[in-house]
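This report concerns only the one structure given below.
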Amino acid sequence: MSEQGKSRLKLTGAIVAVAALAVVGSGITNRVHSERELATWTTEQAVPNVSLIHPTPAVAGNALNLPASLQALNSAPIFARTSGYVRQWQVDIGDTVHRGQLLALLDAPEVDQQLAQAHADLQTAQANQQLAGSTAARWSNMLAKDAVSKQETDEKLGDLAAKTAVTNAARANVARLEALTGFTRLVAPFDGIVTSRSAEIGALVTAGSASATPLFTIADISRIRASVRVPQLYSAEVHPGMEVKLTLPEYAGRIFPAKLTRTARAVDPVSGTLLVELEAVNADLVLKPGAYAQASFPLKKTDNTVTLPPSALLIGERGPQVALIDKNGKATLQSVTLGRDQGKFVEIVAGLTAKDAVIDNPPDSLQNGDAVRVVSDAEGTVHAAD
């Protein structure tokens, strides 16, 4: 190859080498740029976009509505005190009864036979007592004339005492069986309504059985008691004599006035509530034991109470918190005290004011001092993303 060809070959190789270096350099530059863009994007993504909402002042003087369970003023299940068979029943569910009214009659043949035997035993004991008394009297007279020994006289007096004790025991047994015979008549213990009946003619009833079903249940519903569990937060506002309103779903628009009669004076450590009892007049008997009702307690004015949607809350080891933003754009977690949960919003009774701006739907991983980017607030103002 000539010198000129070699020169051209070297020139071509140099050009190719320079081109290769240019391509490699361009690739490295593009890769570095892409890595920088990726780092920038990753950093930006690490800062969450958040929306702000503003707490709403709670309605002043609103009512505390809680579920209530209605109960009769008095309720008594009627069990058989003696075993036997139902001969007849006189009343049924829904009937009005008065104190002492006959509910049912039982046949107790075994008790009747035991009573007859007890009467016979009593007569025998009384006869033996009379004989022992006559004997003791004669021996006492003979002892006064030194006709018998004192030991023999004491034996006759002791026999009289024993026979007297046997007579007393027989008489007590007769009284017991007569009482059992009286229990074959089931009567109402007070004025009220029959709310249940399981007595059926010919059915065997056994007294003292742990699994026995009451033959009747009598309830006095002239006045109704209502049990309500008040959250501890509001327990200081309820007191005996307080006027409360009851409402029932089957009587829409009707209000039943009630009065708070007593409280348990102790907070249940499991539910954190105070058990209170209301009492309402039930003149028309429309309030029914066992029914569900709503009790409305009037509350005092709450100037510092605000409301938030539940989505703004963070629930963790430190209890309920909300996320605020400081002047440097950093998140600040604020502990709050919750009031009532009313579905679409939750009351905040302490730890927050209506002037605060709260992050809605804060990330669960959000910590104090984390940077955030505000993109919108509840009033619709959109902030430019940095």
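Assorted remarks:
- Intensity falloff of region 230-386 expressed as log10 I(q)/I(0), Debye formula with alpha-carbon point scatterers, at q = 0.18, 0.21 Å⁻¹: -1.12, -1.37
- Net length available on complete extension from ARG318 to ALA76 is 82.3 nm, with 0.36 nm assigned per residue and the Cα-Cα distance removed.
- Total charge dipole magnitude, region 79-187, about the Cα centre, Cβ charges on Lys, Arg, Asp, Glu only, Debye to nearest 20: 280 debye
- Dimensions of region 79-187 based on its C-alpha atoms, expressed as ranges along the principal axes with the largest first, amount to 79, 25, 16 Å.
- P(r) tail, region 96-159: Cα-Cα pairs separated by more than 20 Å, 59% of all pairs.
- Within the shell defined by Cβ-Cβ distances under 11 Å, the residues around VAL336 carry a net charge of -1, with Lys and Arg each +1 and Asp and Glu each -1.
- Full extension of the chain between GLN126 and GLU110 gives 3.3 nm of extra length, using 0.36 nm per residue less the Cα-Cα distance.
- Kirkwood Rh in Å, taken over region 173-262 so that all alpha-carbon pairs contribute: 18.0 Å
- The calculated FRET efficiency for the pair GLN367 and TYR292, based on their C-beta separation and a Förster distance of 41 Å, comes to about 0.40.
- Alpha-carbon centroids, region 250-278 and region 174-238: separation in whole Å: 24 Å
- Relative contact order [Cα under 8 Å, 6+ residues apart], region 79-187, whole percent: 43 percent
The numbers here are math on the coordinates, done by the rules we state, and not lab data. Not measured: the values here are computed from a predicted model. Note that we place each Cβ from the backbone using ideal geometry, even for glycine, and neighbour counts take in every protein chain shown.
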